[in-house]
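See below for the structure under consideration.
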Amino acid sequence: MPHDIEFVPYDDTFLSLSWGWLNDPEIKALTMTPDFSRAAQASWYDSLPGRGDYLIWGVMYASRPVGVCGLKGIADGTGEYWGYIGDKTCWGKGVGGRMVGFIEDQARALGLGGIWLRVWDGNSRARGLYEKLGYRLDRHADDVVLLKKPLH
Ligand SMILES: CC(C)(COP(=O)(O)OP(=O)(O)OC[C@H]1O[C@@H](n2cnc3c(N)ncnc32)[C@H](O)[C@@H]1OP(=O)(O)O)[C@@H](O)C(=O)NCCC(=O)NCCS
């Protein structure tokens with residue numbers, strides 16, 4: 001596990017990098033990101049401070065911004081994990097495992113009893129990671145797999 005990882009406030013540096021990351025065709029497909037405009041991204045960003053159901057962090061690795069992770073739909077003791085590493089040179093180094101662990105710690109601190117997530121069924125790296133970390137199949141809807149993990 002790499003140690004040189006920090007979770008920091010999601011600011012306009014990450015916002016601007018996210019535009020490029022999520023418009024990369026490979027990352028867009030792996031994260032099932034729909035088309036979005038600059039205006040829609042800006043209004044989503046502006047809405048963040050007022051949202052109690054949505055938490056988001058920037059991920060730094062070796063002092064560089066490399067990705068984003070968060071918890072959304074926080075309600076009724078549960079929330080949805082989401083995250084991606086936008087800098088492809090950082091894939092496969094253990095950063096993703098740390099992101100999931102960090103969000104689980106945040107969810108526990110909020111008193112949540114479980115986390116769920118969505119993953120495209122063609123995304124074998126992400127699904128392999130989540131299953132290794134204890135996420136189990138809840139249901140399959142078309143080409144999307146829903147996985148769940150209770151938190152202790
Ligand atoms: C998915 C993602 C978060 C994983 O993070 P990562 O840092 O690259 O992965 P890690 O190094 O933490 O973990 C890799 C684990 O995934 C699994 N894995 C990796 N490649 C795999 C493959 N081709 N098939 C199955 N499992 C695989 C293994 O369990 C591996 O663990 P191991 O190294 O101990 O064997 C990251 O690659 C990413 O953001 N990719 C692009 C966007 C994306 O897919 N986001 C997730 C949307 S749900």
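The phi torsions of the stretch 7-19, fed into the Karplus equation with coefficients 6.51, -1.76 and 1.60 and a -60° offset, translate into couplings of 10, 10, x, 7, 10, 6, 5, 5, 4, 5, 5, 4, 4 Hz, rounded to whole numbers, with Gly and Pro shown as x. Remark on Asp138: its backbone amide H falls under 5 Å from those of Leu146, Leu147, Lys148, a criterion applied only to residues 5 or more positions apart or on other chains, H modelled at 1.01 Å from N.
Each principal axis of the Cα cloud of the chain was taken in turn, and the coordinate range along them, longest first, works out to 36, 35, 33 Å. Three semi-axes describe the equivalent ellipsoid of the stretch 1-55; taken as square roots of 5 times the Cα gyration tensor eigenvalues and ordered largest first, they are 20, 19, 11 Å. In this calculation the C-beta distance from Thr33 to Arg108 is compared with R0 = 30 Å, giving a FRET efficiency of 0.60. For the stretch 80-120, the list of chymotrypsin sites (Phe, Trp or Tyr not before Pro) that fall in a loop by DSSP and count at most 16 other C-beta atoms within 10 angstrom reads Trp91.
Bear in mind that the values in this text are calculations on the coordinates, not laboratory data. Everything quoted here is computed from the prediction, not taken from an experiment. Using ideal geometry, Cβ is built from the backbone for each residue, glycine included, and neighbour counts are taken over all protein chains shown.
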